[in-house]
Amino acid sequence: MTLPTTERLLLGPGPSSVSPRVMRALGAPARSHLDPDLIALMDDLRARLARVFRAGPGSLTFAVSGTGTSGMETAVANVTKPGARTLVIVTGYFGDRLAQMFERYGAQVTRLDVAWGQAVDPAAVERALAASPADIVGFVHGETSTGVRNPAADLARIAMAHGALTVVDAVTSLGAVPLDVAGWGIDVCYACSQKGLGAPSGMAPITFSANALARRVPCRSFYLDVTLLQQYWVERKYHHTISAPLVYSLHAALEEVEEEELEARWSRHAHTHRALVDGLSARGWSLLPAEADRLFSLNAVNVPAGVNDAAARVALRDLHQIEIGAGLGPLAGKIWRVGLMGSGATAANVTRLLAALDDVAKPGA
Ligand SMILES: Cc1ncc(COP(=O)(O)O)c(C=O)c1O
């Protein structure tokens with residue numbers, strides 16, 4: 001077996017394509033996990049992540065060594081007391097995963113299920129909390145299984161008004177669509193390195209507000225204990241052997257984010273999404289979510305009538321070197337998931353994808 005030698009354009013639900021600069025960062029000279037050079041980079045990484053999350057004063061921001069799911073588990077494991085009354089808004093596969101995670105940590109979970117393809121109505125959350133108070137409200141900002149963006153600012157405001165702590169999944173939104181952790185009053189927010197930020201997978205940025213830190217609980221996981229992780233990231237006390245190449249690559253990706261500027265990056269994602277929607281509608285094709293509910297970084301495209309979903313995806317990959325994602329769960333075979341995120345969110349990539357789809361997505365083919 002040999003390593004891959006051809007470039008593939010990653011336009012699936014993540015990982016997104018990694019820029020040459022971020023790829024080069026992976027190969028910088030090795031440092032160990034407590035080397036002063038690495039520690040300095042980790043300090044800078046924390047500061048950059050806090051800015052990208054827009055975290056508030058007194059918060060703690062760092063990156064868990066693991067993928068987005070490790071961020072989810074770190075969030076849940078550090079704020080969930082057994083029996084904690086927890087409202088989880090489930091608008092798709094990852095909302096369901098979040099509900100399962102809370103259950104594993106002993107929460108008493110109430111689910112607010114929403115039809116796949118729709119965003120939650122904040123009024124429904126208001127009603128749910130009025131009917132049954134909660135200690136914690138959890139939800140996914142950008143639901144990758146359906147291409148839906150939930151109204152995170154409204155949801156956080158409602159949860160705060162009811163005295164609940166918010167746990168928010170920003171795995172498919174950080175670095176791609178507007179997110180303002182402190183401005184919106186979010187308590188715990190986690191993400192991943194491999195989507196909007198444009199680094200390889202393997203690090204999960206996370207931020208805890210001062211309120212969340214004050215309400216932390218004894219953590220049942222050693223690896224994901226925020227108190228031990230704080231001692232490592234802030235006080236340099238050994239906890240685990242962090243991967244220097246992953247720190248380098250995430251750092252380089254954050255340099256790119258900040259050089260572009262966050263708001264410019266959000267509008268690039270919005271424009272790229274618009275270019276895709278225009279191209280699809282010119283072909284008579286459509287997206288699953290209503291316009292107001294759409295997540296710019298992940299587009300849930302209805303598989304056109306008569307087109308073989310799997311065959312088209314395989315042909316895109318093998319003939320055009322483009323990867324897109326399949327539908328999950330009830331949406332399997334019904335949608336394609338087209339990620340336009342990180343360095344991949346460009347008009348040129350939309351043009352290339354549409355031309356390739358014209359070639360492979362023919363009814364009856
Ligand atoms: C919204 C959301 N949450 C959590 C995850 C889990 O992240 P990972 O696969 O990096 O563990 C994903 C993965 O795509 C996701 O899209």
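The values are calculated or read from the model by the stated rules, or taken from the named source; none is laboratory data. Fair warning: this is a prediction, and the values are worked out from it, not measured in the lab. Methodologically, a virtual Cβ is constructed for each residue, glycine included, from the backbone with ideal geometry; neighbour enumeration extends over all protein chains shown.
Brief remarks on what is shown
- Against the test of being more than 16 Å from the ligand (Cβ to nearest atom), in contact (Cβ under 8 Å) with a residue 60 or more places away in the chain and crowded, with 22+ Cβ neighbours inside 10 Å, the options 262, 254, 298 yield a single qualifying residue, 254.
- Criterion violated by residue 46 - all others in (1) closer than 20 Å to residue 204 by Cα; (2) without any contact (Cβ under 8 Å) to a residue 40 or more places away in the chain satisfied: (2)
- Within region 265-295, tally of residues that are surrounded by 12 or more Cβ atoms within 10 Å (Cβ to Cβ) and within 21 Å of the chain's Cα centre (by Cα): 17
- Looking across region 206-237, the residues that are within 16 Å of the ligand (Cβ to nearest atom) and either in contact with a Ser or Thr (Cβ under 7 Å, 6 or more places away or on another chain) or among the polar types (S, T, N, Q) (or both) come down to 206, 207, 221, 224.
- Any hit, region 19-41, residues being within 16 Å of the ligand (Cβ to nearest atom) and closer than 24 Å to residue 171 by Cβ: no
- Against the test of being in contact (Cβ under 8 Å) with a residue 40 or more places away in the chain, within 16 Å of the ligand (Cβ to nearest atom) and either out of contact with any Phe, Trp or Tyr (no Cβ under 7 Å at 6 or more places or on another chain) or of a type in the set (S, T, N, Q) (or both), the options 198, 279 yield a single qualifying residue, 198.
- Where residue 239 falls short, out of the listed (1) touching a residue at least 60 places away in the same chain (Cβ under 8 Å); (2) touching a Phe, Trp or Tyr at 6+ places or on another chain (Cβ under 6 Å); (3) farther than 24 Å from residue 100 by Cα; (4) not aliphatic (A, V, I, L, M): (1)
- Scanning region 77-97 for residues that are touching a Gly at 6+ places or on another chain (Cβ under 9 Å), within 16 Å of the ligand (Cβ to nearest atom) and of a type in the set (D, E, K, R) returns a single hit, 96.
- Some residue of region 32-50 being within 30 Å of residue 125 (Cα to Cα) and either at pLDDT 95 or above or touching a helix residue (DSSP H, G or I) at 6+ places or on another chain (Cβ under 6 Å) (or both): yes
- Restricting region 51-76 to residues that are more than 30 Å from residue 115 (Cβ to Cβ) and small (Gly, Ala, Ser) leaves a set whose member that is farthest from the ligand (Cβ to nearest atom) is 58.
- Test: residue 117 is on the phi > 0 side of the Ramachandran plot and at pLDDT 95 or above: yes
One line per residue, one yes/no per condition, for (1) of a type in the set (Gly, Ala, Ser); (2) touching a residue at least 40 places away in the same chain (Cβ under 8 Å); (3) surrounded by fewer than 22 Cβ atoms within 10 Å (Cβ to Cβ):
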residue: 320; (1), (2), (3): no, yes, yes
residue: 323; (1), (2), (3): no, yes, yes
residue: 335; (1), (2), (3): no, yes, no
residue: 338; (1), (2), (3): no, yes, no
residue: 342; (1), (2), (3): yes, yes, no
residue: 362; (1), (2), (3): no, yes, yes
